[in-house]
1. May I ask you to list pairs of residues, at least six apart or on different chains, whose Cβ atoms are under 6 Å apart, with the first in the stretch 210-224 being at pLDDT 95 or above and the second being more than 15 Å from ligand 2 (Cβ to nearest atom) and assigned to a helix (DSSP H, G or I)?
2. Condition check: modelled with pLDDT of 95 or more, under 17 Å from the mean Cα position of the chain (by Cα) and more than 16 Å from residue 14 (Cα to Cα). Does residue 234 satisfy that?
3. Can you confirm whether the stretch 292-299 contains a residue that is more than 16 Å from the chain's Cα centre (by Cα), closer than 19 Å to residue 342 by Cα, in contact (Cβ under 8 Å) with a residue 40 or more places away in the chain and surrounded by fewer than 23 Cβ atoms within 10 Å (Cβ to Cβ)?
4. Quick check: anything in the stretch 373-383 away from ligand 2 (no atom under 16 Å from the Cβ), surrounded by fewer than 21 Cβ atoms within 10 Å (Cβ to Cβ), touching a residue at least 40 places away in the same chain (Cβ under 8 Å) and in a loop (DSSP other than H, G, I, E, B)?
5. If you take the residues in the stretch 329-358 that are touching a strand residue (DSSP E or B) at 6+ places or on another chain (Cβ under 6 Å), closer than 17 Å to residue 95 by Cβ and not in a loop (DSSP other than H, G, I, E, B), which one is nearest to ligand 1 (Cβ to nearest atom)?
6. Taking the stretch 276-291 as the search range and keeping residues that are in contact (Cβ under 8 Å) with a residue 12 or more places away in the chain and out of contact with any helix residue (DSSP H, G or I) (no Cβ under 8 Å at 6 or more places or on another chain), which one is nearest to ligand 2 (Cβ to nearest atom)?
7. Scan the stretch 269-288 and tell me whether some residue there is closer than 21 Å to residue 302 by Cβ, modelled with pLDDT of 95 or more, in a strand (DSSP E or B) and within 21 Å of the chain's Cα centre (by Cα).
8. In this structure, is residue 321 touching a residue at least 60 places away in the same chain (Cβ under 8 Å) and either part of a helix (DSSP H, G or I) or more than 23 Å from residue 237 (Cβ to Cβ) (or both)?
Ligand code: PEP
Ligand code: MN
């Protein structure tokens, strides 16, 4: 299907209304006109993914929601321009497939593979300045990690570079052969809005098959939720331990108004010590409201801690405990533990503690290479996938 270059008038009005809502976590561009000009240039580019592929993912996710398949999503916390090498992209995708094959075998059902790749360049941050008082790094699509005022100043031309890197990364993902869909957090709204295309009566993001809204940008009256509601793509929403069951139902009503299996993935990231208490009433209430969502566990973001060395890290023990808790909750309620969402890399890093590779807290600084959050290395990822496999065996 050929896209119309712009979304149609009615959709454009809805899009503008969405974008006029308050938007958290947006960069303060020093030159707004330049940012608008870059975004206008992006609108003229061909999409990175096709609507046929996105519709195929919708079909596969419907099977996950029905309990017939499992969803494995993962990759870097933050992609960087420097690390978007063919080798890194190919090997990350290969690791995703390896983990998926392990789980598929044990679960006796297909595993839908979704990479955090080809657009995962924007990061939400808890403060606008870092410890030295410099503007915080917001991902390669906004500024540079280099700790100087100049490098940290948001630069709209980075949106154009991100789009070029995303297209090139998608090329490498496609060349890897096996079907892998791509996803990222829909955070930087100027970039995301410039990626919309109309196909018939549907508005698709041409930037990824699957987009999610993060824990820090899920305000009900905010721009991100309204933006996601416009899209035909499957949508994820991160929910942390502060989410009430009533709020979860409200999200489902807004983002899955037609009660379509797999349209909405609720990605719980509660922390290993909270998941068994906080998740059950949410699952019960959303299920009772008739929304066939996918329940996916992100065992990474609720289990981050700062080590005495100052490094942000995660213990595989905690990550595993959250996955265990997530499965236990769904087993007790008779619902489907539909998937997991991980941060991993093919690189043999020492960012997370534990696992059969025996990384200790003291080892963490040795190969700490992430641009943002600590990732599981291949050994730790396989440890976790084996655990998931075991949870599926009777
Ligand atoms: C992330 O997925 O990298 C992230 C920032 O997660 P969350 O929104 O759950 O904090
Ligand atoms: Mn992260």
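The values are calculated or read from the model by the stated rules, or taken from the named source; none is laboratory data. Note that the coordinates shown come from a computational prediction; the quantities given were computed from them, not determined experimentally. Note that each Cβ is placed from the backbone with ideal geometry, even for glycine, and that neighbours are counted across all protein chains shown.
1. Short answer, once both residue conditions are applied: 213/224; 213/228; 217/224; 223/18; 223/19; 223/189.
2. Working: modelled with pLDDT of 95 or more: yes; under 17 Å from the mean Cα position of the chain (by Cα): yes; more than 16 Å from residue 14 (Cα to Cα): yes.
Against the criterion (modelled with pLDDT of 95 or more, under 17 Å from the mean Cα position of the chain (by Cα) and more than 16 Å from residue 14 (Cα to Cα)), residue 234 qualifies.
3. no
4. no
5. 341
6. The first filter runs over the stretch 276-291 and keeps only residues in contact (Cβ under 8 Å) with a residue 12 or more places away in the chain, leaving 276, 278-287, 289-291.
Right, trim to out of contact with any helix residue (DSSP H, G or I) (no Cβ under 8 Å at 6 or more places or on another chain) and you get 278, 290.
Working: 278: 20, 290: 32 Å.
Residue satisfying both the conditions and the ranking: 278.
7. No; the residues of the stretch 269-288 include none that is closer than 21 Å to residue 302 by Cβ, modelled with pLDDT of 95 or more, in a strand (DSSP E or B) and within 21 Å of the chain's Cα centre (by Cα).
8. Here the answer is no, as residue 321 does not meet what is asked.
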